[in-house]
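*Asks:* Quick one: structure below, then a few questions.
The values are calculated or read from the model by the stated rules, or taken from the named source; none is laboratory data. Keep in mind it's a predicted model, so treat the numbers as computed, not measured. Cβ placement follows ideal geometry from the backbone for every residue including glycine, while neighbour counts extend to all protein chains displayed.
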Amino acid sequence: MKSFVFAVGLAFALAGPARAQMIVSDFDSIKLYTLVNKSDMRVTITNYGAIVTSISVPDRDGKLGDVTLGYNRVEDYINAVDKPYFGAIVGRYGNRIAKGKFSIDGTEYSLATNNNTNHLHGGVIGFDKVVWDANPIHGKGYRGLELSYLAKDMEEGYPGNLQIKVTYKLTDANELSVHYHATTDKATPINLTQHTYFNLKGEGEGTILDHELMLNAKTYTPVDESLIPTGDIPSVTGTPFDFTDSKAIGRDVEQDDQQLKFGLGYDHNFVIDKPLGEMGLAATVFEPTTGRVMEITTTEPGIQFYCGNFLDGRLKGKSGKTYEHRGGFCLETQHYPDSPNQPNFPSAILEPGDTYDTTTIFKFSTRK
């Protein structure tokens, strides 16, 4: 399989400023697409795993920097130890399903147990490991990429032929929009999410513990020792999980707390304070040394905050720097983990005739 090379293949000019463009590097079935907006923000995406390989945004002084962890070669995504899912779309069901089992209408289905005793991120060959069909798109004020994939009935153990389309759009307002659309011919669980690791100081530039995080969530879903939700939805008040007011990620991460011990740090789903299915604010992150700000809005009910607990310096990224412990964080918008087995959680079952339709927007800016 050929490597990514950041050479220009095809360029499509967007009406307006000359710098807004898309660059496509063509290597057989694996392609790398670069979206560029009029302020020179850049997002690169490959149709292998629908992976966002980089996001370059300005700091408070206007200097561009890549704020995502990842690689320059597709081989590195395929062969990475511990399979970190850098930048990928994960599914058919993102996050965990207990014991790899669930039932729909009295029929039990069995999935791969690829995370100790549980099922994680769609199984052995999830959506992060397949080649998607890709179609460049554009419109007023944006450049985009539509990626589609047909997950066949019983692929990785899931019922139903699931037709999926994921659309990335980079706008001139420095927003990266991710829209998910899917239909099925059998009832099936679905929970797609975007698994980018961020470091707003820059990729490979140390830990993320000084980033200041606000989560619009007064409650969360605690887990057992295997990281499966207990079913409870307690308040975050008085716990290390209270991010309702912005605070440094590292402030409470080493507290003597059972939930932090189970996750080896933060690796938990937070319940977003907004009406179910409506677009609303989920999180804001501020990095004080560069002034970069990332704001996340979504139609999803939950967001998984993971602070790079399993990064340990073995992975070397695209700049040649190693990814140290807590060198990146994920904020994965989602339905709650193990929802197919948790009747008090919002349903993640898609029925024939219905449409899975959800959007998440990452907006980048700066402040002093």
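*Asks:* So residue 155 passes all but one of these: (1) buried (at least 18 other Cβ atoms within 10 Å of the Cβ); (2) of a type outside the set (Val, Ile, Thr); (3) farther than 24 Å from residue 77 by Cα. Which condition number does it fail?
*Replies:* Single failed check for residue 155: (3).
*Asks:* While we're here: Checking the condition crowded, with 16+ Cβ neighbours inside 10 Å and in contact with a strand residue (DSSP E or B) (Cβ under 7 Å, 6 or more places away or on another chain), which residue from 93, 85 passes?
*Replies:* Selected residue: 93, the only one of 93, 85 that is crowded, with 16+ Cβ neighbours inside 10 Å and in contact with a strand residue (DSSP E or B) (Cβ under 7 Å, 6 or more places away or on another chain).
*Asks:* Answer with yes or no whether residue 119 is in contact with a helix residue (DSSP H, G or I) (Cβ under 8 Å, 6 or more places away or on another chain), assigned to a strand (DSSP E or B), surrounded by 17 or more Cβ atoms within 10 Å (Cβ to Cβ) and not acidic (Asp, Glu).
*Replies:* Answer is yes for this residue.
*Asks:* Somewhere in region 153-169, is a residue closer than 30 Å to residue 319 by Cα, assigned to a loop (DSSP other than H, G, I, E, B), within 15 Å of the chain's Cα centre (by Cα) and touching a residue at least 12 places away in the same chain (Cβ under 8 Å)?
*Replies:* no
*Asks:* Hey, can you tell me all the residues within region 176-205 that are in a strand (DSSP E or B) and within 15 Å of the chain's Cα centre (by Cα)?
*Replies:* 176, 177, 178, 179, 180, 191, 193, 194, 198
*Asks:* While we're here: So, in region 206-225, how many residues would count as being outside any strand (DSSP E or B) and either closer than 11 Å to residue 268 by Cβ or touching a helix residue (DSSP H, G or I) at 6+ places or on another chain (Cβ under 8 Å) (or both)?
*Replies:* Summing the residues that are outside any strand (DSSP E or B) and either closer than 11 Å to residue 268 by Cβ or touching a helix residue (DSSP H, G or I) at 6+ places or on another chain (Cβ under 8 Å) (or both) in region 206-225 gives 4.
*Asks:* Any residue at all in region 323-339 that is surrounded by fewer than 20 Cβ atoms within 10 Å (Cβ to Cβ) and touching a strand residue (DSSP E or B) at 6+ places or on another chain (Cβ under 6 Å)?
*Replies:* No: region 323-339 contains no residue that is surrounded by fewer than 20 Cβ atoms within 10 Å (Cβ to Cβ) and touching a strand residue (DSSP E or B) at 6+ places or on another chain (Cβ under 6 Å).
*Asks:* Also, quick follow-up: Test each condition in (1) part of a loop (DSSP other than H, G, I, E, B); (2) at pLDDT 95 or above for residue 99 and report the one that comes out false.
*Replies:* (1)
*Asks:* Which residues, taken from region 85-96, are assigned to a loop (DSSP other than H, G, I, E, B) and either over 13 Å from the mean Cα position of the chain (by Cα) or farther than 18 Å from residue 226 by Cα (or both)?
*Replies:* 85, 86, 87, 88, 91, 92
*Asks:* Restricting attention to region 130-148, and to residues there that are in contact (Cβ under 8 Å) with a residue 24 or more places away in the chain and within 18 Å of the chain's Cα centre (by Cα), which single residue is farthest from residue 113 (Cα to Cα)?
*Replies:* The qualifying residue farthest from residue 113 (Cα to Cα) is 144.
*Asks:* Turning to a different aspect of this structure: Go through region 122-150 and give me each residue that's touching a Ser or Thr at 6+ places or on another chain (Cβ under 9 Å) and in a strand (DSSP E or B).
*Replies:* 131, 133, 134, 135, 137, 142, 143, 144, 145, 146, 147
*Asks:* If you go through region 35-78 one residue at a time, how many are touching a strand residue (DSSP E or B) at 6+ places or on another chain (Cβ under 7 Å), of a type outside the set (Val, Ile, Thr) and closer than 23 Å to residue 365 by Cα?
*Replies:* Summing the residues that are touching a strand residue (DSSP E or B) at 6+ places or on another chain (Cβ under 7 Å), of a type outside the set (Val, Ile, Thr) and closer than 23 Å to residue 365 by Cα in region 35-78 gives 14.
*Asks:* Are any residues in region 23-70 part of a strand (DSSP E or B), at pLDDT 95 or above and over 21 Å from residue 194 (Cβ atoms), and if so, which ones?
*Replies:* Those that are part of a strand (DSSP E or B), at pLDDT 95 or above and over 21 Å from residue 194 (Cβ atoms): 58, 64.
*Asks:* Now for a separate question. Of these, 250, 231, which one is more than 24 Å from residue 115 (Cα to Cα) and in contact (Cβ under 8 Å) with a residue 24 or more places away in the chain?
*Replies:* 250
*Asks:* So is residue 225 closer than 25 Å to residue 100 by Cβ, buried (at least 16 other Cβ atoms within 10 Å of the Cβ) and modelled with pLDDT of 95 or more or not?
*Replies:* Here the answer is no, as residue 225 does not meet what is asked.
*Asks:* Still on this structure, I have one more. Identify, by number, the condition in (1) farther than 19 Å from residue 212 by Cβ; (2) buried (at least 22 other Cβ atoms within 10 Å of the Cβ) that residue 313 doesn't meet.
*Replies:* (2)
*Asks:* I would also like to ask the following. Take residues that are touching a residue at least 24 places away in the same chain (Cβ under 8 Å) and closer than 21 Å to residue 174 by Cβ and tell me which of the strands (runs of 3 or more DSSP E) falling wholly in region 282-368 contain 2 or more.
*Replies:* Those strands (runs of 3 or more DSSP E) span 292-298, 330-334, 356-366.
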